[in-house]
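Written below as structure tokens is the structure these notes are about.
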Amino acid sequence: MMESGRQTATQLPVIILGGGGHAKVLVDILLSAHRQILGYTDPDETRSPILDVKRLGDDEVVLNYRPEEAHLVNGVGSVASTLLRKKIYDRFNAKGYSFASVIHPSATIASGVQLSEGVQIMAGAILQPGSSVGTNAIINTGAIIDHDCVLGAHAHIAPGAVLSGCVRVDSGAHIGTGACIIQGVSIGAGGVVGAGAVVINDVPPGVTTVGVPAKPVGRTLA
């Protein structure tokens with residue numbers, strides 16, 4: 001586990017898994033940090049280079065590199081489900097590969113914040129003291145995580161979302177763009193909070209909630 005955004009692993013070259021918009025943002029951060037990028041993977045053979053980073057092939061090309069030769073970066077984002085992102089992480093983690101964390105230099109990370117393997121923290125995000133972020137989670141552009149929040153593995157806090165103090169977001173939950181969650185609320189595993197929602201009550205596992213104030217509208221795929 002890392003603390004306060006400081007990477008403890010050796011700075012091996014990286015391979016990015018995925019070639020879409022989320023991957024593009026990660027490439028930009030890694031290039032600005034002068035991190036060596038071997039390339040990205042994507043099943044679409046027509047994909048062009050991303051900011052001059054070449055496509056290597058599909059995900060199987062990763063197996064040409066030993067785990068001690070390269071770290072991976074999960075370039076798959078999530079819109080309403082984190083399942084694919086989790087599946088990719090689990091597959092390669094089981095084969096012994098490590099995932100590099102990617103942290104934009106403009107992110108504000110308070111002293112003592114706990115960051116697990118493979119977290120991604122984008123430009124302008126704020127994480128306040130006492131918070132922790134689980135494996136393979138995303139804190140996207142401009143999101144605010146206030147004091148003592150706990151974010152589970154594979155969770156995604158989308159751009160501009162705000163979590164007040166002591167919020168818990170369990171594994172695989174997705175908090176939509178611009179959503180607000182008041183203090184002390186829990187979002188169950190695989191839950192989805194719609195964009196712009198204002199959450200004032202706990203969200204059970206696997207439930208989608210939308211609106212102001214947010215109300216359940218169905219079950220998720222997670």
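Loop-located GluC sites (Glu not before Pro) in segment 8-77 (DSSP state not H, G, I, E or B) with no more than 15 neighbouring Cβ atoms inside 10 Å: E45, E68, E69.
From the residues V79, G118, Y89, which one has its Cα farthest along the dipole of the chain in the positive direction, the dipole being from +1 and -1 charges on Cβ of Lys/Arg and Asp/Glu about the Cα centre? After comparing all options, I get V79. Taking one quarter of the surface of the convex hull spanned by the alpha-carbon atoms of segment 1-143 gives a direction-averaged projected area of 8.1 nm². Taking amide hydrogens as placed 1.01 Å from N in the peptide plane, the amide H of G57 sits under 5 Å from those of D42, each at least 5 positions away in sequence or on another chain. May I ask for the angle, rounded to the nearest 10°, between helix 83-94 and the longest principal axis of the chain, with both axes built from Cα atoms and the value confined to 0 to 90°? Helix 83-94 sits roughly 50 degrees off the main axis of the chain. Taking amide H as placed 1.01 Å from N in the peptide plane, R219 has its amide H under 5 Å from the amide H of T208, each at least 5 places away in sequence or on another chain. The mean accessible area for residues of the chain, using a 1.4 Å probe and ignoring ligands and nucleic acids, is 43 Å² per residue.
The alpha-carbon of K24 sits under 24 angstrom from the alpha-carbons of these lysines, leaving out residues fewer than 8 places away in its chain: K54, K86, K87. Only one residue of N201, H147, P159 has its Cα farthest out toward the positive end of the dipole of the chain, where Lys and Arg carry +1 and Asp and Glu -1 on Cβ, and that residue is N201. Start at zero, step by 10 Å, and the Cα-Cα distances of segment 84-186 spread as 18, 53, 24, 5 percent across the bins. Using only side-chain charges placed at the Cβ, +1 for Lys and Arg and -1 for Asp and Glu, the dipole size of the chain relative to its Cα centre rounds to 220 debye. In this structure the amide hydrogen of I121, modeled in the peptide plane, comes within under 5 Å of the amide hydrogens of V102, I103, H104, I139, none closer than 5 places in sequence on its chain. For segment 64-198, the share of accessible area belonging to carbon and sulfur comes to 56 percent (1.4 Å probe, ligands and nucleic acids excluded). Rounded to the nearest 20 debye, the dipole magnitude of segment 102-222 is 240 debye, with +1 charges on Lys and Arg beta carbons, -1 on Asp and Glu beta carbons, and the Cα centre as origin. Our coupling estimate for segment 41-50, obtained by passing each phi through the Karplus curve with A = 6.51, B = -1.76, C = 1.60 and θ = phi - 60°, is 10, 6, x, 7, 5, 8, 4, 8, x, 9 Hz, Gly and Pro reported as x. Volume per residue for segment 49-130 equals 146 cubic angstrom (convex hull of Cα atoms).
The values are calculated or read from the model by the stated rules, or taken from the named source; none is laboratory data. No experiment lies behind these values; they were computed from the predicted model shown. Note: ideal-geometry Cβ built from the backbone for every residue, glycine included; neighbour counts use all protein chains shown. The accessibility values were calculated without ligands, DNA or RNA, using every heavy atom of the protein model including side chains. Shrake-Rupley method; radii C 1.70, N 1.55, O 1.52, S 1.80 Å.
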